[in-house]
Amino acid sequence: MNTAALLLFVPLLALALLGEPAPPRTLAQIAAGMPREMGPFHATEPDEVYDTSGIYAYIDGAAEVYLAYGMRACLARRFHHPAGGIVLDVFEMSDAGGAFGAFTYDREGEELDIGQGALLREGWLTFWQGRFFASLTAEGEGAAHREGLLAIARAAAAAIAEHGELPELLGRLPADGLQTRSVRYLRHPSILATHLPLGFGDPLALGADAEAALARYEDKALLLIVRYPGAARAATGLEGARRVISAPSPGGRDGFWGAAADGPLLAVVGEAVTEDHVRRLLATALAARENEEEKR
């Protein structure tokens, strides 16, 4: 462990021994805690940090996705290699829900035990941990680059050293028949439109202050659960959902559809094989939760 990382580790260890939670990590601490040499990969250039304005110049065309999940800043580090380097981007989000949501935006790939969830595709590794979402891109191919991706990702996860709770809303997804890898968590209508196009604009009135979970089930039925700031917005969302369901759709809509609301919650079911499945998914998603009732 280098000197900078040791200086960061000692006060965190002291807090842990005292039984006090460690303070939130910063991108500067994470950068200091990561080695700049990982086998044949060397970070010879200074790290770059982008804020919510500068991120457009760095990843033009994808910045809106990270901003929709509450991005605060991004740390970028390039590891060089003769056959092509590896770029590590660590995005600091407003909370763990935003980090998990960014991770669910694309859930293809091989599952890995890194951070709180990781996926590896050809030349691309992503993981989330605490309030942070990390994306690693290899500019070369072969075993060396795969091992480099894994080593750098593990070092980044160790430097982050945070644990985040999954969004409570996910607990409303019925477990029976749930396709776990299909789950998407979002907080912006543009993200919903990517995974479930329902029409122009924001037909469900999500705005930027509602949260939603989208999932598929074994019979291909889809379930969308939205929590709004209040019941009035949920009622507006229900009206929009009913308009979407009843409106003609290019190519038609597959299966049976339905929507219902209860307090600040809206549930929409689509592409179900039977009407009974629609009713069961809606009822389960909107069923009263004991801990939520206690908070009211």
Fill in: Residue among A232, G140, A118 farthest towards the positive dipole end of the chain, charges placed on Cβ
A232
Fill in: Residue-wise HN-Hα coupling along the stretch 67-83, computed from phi with Karplus coefficients 6.51, -1.76, 1.60 (Hz; x: Gly, Pro)
5, 5, 9, x, 4, 9, 6, 9, 9, 10, 9, 9, 9, 8, 7, x, 9
Item to complete: May I ask you to derive the relative contact order of the stretch 139-274, considering only C-alpha pairs under 8 Å and at least 6 residues apart, and to give it as an integer percent?
Response: 20
Response to the item:
Site W124, offset 7 angstrom along Cα→Cβ, radius 14 Å on amide nitrogen, limited to the stretch 70-101, gives 87, 89
Practice prompt. Only loop residues by DSSP count here, and only those with at most 16 other Cβ atoms within 10 Å; note down the chymotrypsin sites (Phe, Trp or Tyr not before Pro) in the stretch 199-285 that meet that.
Written response: F200
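Could you pull out the trypsin sites (Lys or Arg not before Pro) across the stretch 199-237 that fall in loop regions by DSSP (anything but H, G, I, E, B) with no more than 16 other Cβ atoms inside 10 Å? Numbers along the way, then the final one.
Values: sites: R216, K220, R227, R233; in loops: K220.
Qualifying residues, ordered by number: K220.
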Worksheet item: In percent, what relative contact order does the chain have, based on Cα pairs under 8 Å that are 6 or more apart in sequence?
Response: 12
Worksheet entry | Gap separating the Cα centres of the stretch 170-222 and the stretch 65-110, nearest whole Å | 21
Discussion item. Using the Karplus curve 6.51 cos²θ - 1.76 cosθ + 1.60 with θ = phi - 60°, what ³J(HN,Hα) values do you get for each residue of the stretch 31-38, in whole Hz, with x for Gly and Pro?
Written reply: 4, 5, x, 9, x, 8, 10, 10
Fill in: Cα centre as origin, Lys/Arg/Asp/Glu Cβ charges: the chain dipole, Debye
400
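In the stretch 36-103, what trypsin sites (Lys or Arg not before Pro) fall in a loop by DSSP, with at most 12 other Cβ atoms inside 10 Å?
Numbers: sites: R36, R72, R77, R78; in loops: R36.
Passing sites in the stretch 36-103 do not exist.
Taking the Cα centre of the stretch 177-296 as origin, sum charge times position over the Cβ atoms of Lys and Arg (+1) and Asp and Glu (-1), and report the length of that vector in debye to the nearest 20. Mind dumping the intermediate values first?
Numbers: 15 positive and 15 negative charges, 45 e Å.
Approximately 220 debye in magnitude.
Can you work out the FRET efficiency for the pair R279 and A231, with r the C-beta to C-beta distance and R0 = 22 Å, to the nearest 0.05? Write down the numbers at each step before the final one.
On the way: r = 22 Å, r/R0 = 0.98.
Using R0 = 22 Å, I get an efficiency of 0.55.
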Worksheet item: Could you give the nm distance between label points at D254 and A83, where each point is 7 Å from its Cα heading toward the beta carbon?
Response: 4.1
Discussion item. Test of understanding: what is the full-extension gain from E64 to A143, defined as 0.36 nm times their sequence separation minus their Cα-Cα distance?
Written reply: 25.1 nm
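Please work out how much length the chain gains when fully extended from E110 to A32, using 0.36 nm per residue of separation minus the C-alpha to C-alpha distance, in nm with one decimal.
Working: separation 78, 0.36 × 78 = 28.08 nm, distance 2.90 nm.
Here the answer is 25.2 nm.
Just order 112-124, 84-96, 56-68 by mean Cβ neighbour count inside 10 Å, highest at the front, would you? Before the final figure, lay out each step's value.
Numbers: 112-124: 17.2, 84-96: 20.5, 56-68: 14.9.
With the highest mean Cβ count within 10 Å placed first, the list reads 84-96, 112-124, 56-68.
Give, in nm to one decimal, the length gained when the segment between D176 and F200 is fully stretched (0.36 nm per residue of separation minus the Cα-Cα distance). Present the calculation step by step, with values, prior to reporting the outcome.
Working: separation 24, 0.36 × 24 = 8.64 nm, distance 3.22 nm.
Length gained, D176 through F200: 5.4 nm.
For a test of the definition: using alpha carbon positions, the gyration tensor, and the 1.5 limit on a/c, classify the stretch 42-137 as rounded, prolate or oblate. Show your work: numbers first, answer last.
Numbers: a/c = 1.73, a/b = 1.09, b/c = 1.58.
Note, shape of the stretch 42-137 comes out oblate.
Every number here is computed from the coordinates shown, using simple stated rules; none is lab data. As the structure is a computational prediction, the values presented were derived from the model and not from experiment. Please note: Cβ atoms are built from the backbone with ideal geometry, for glycine as well, and neighbour counts cover all protein chains shown.
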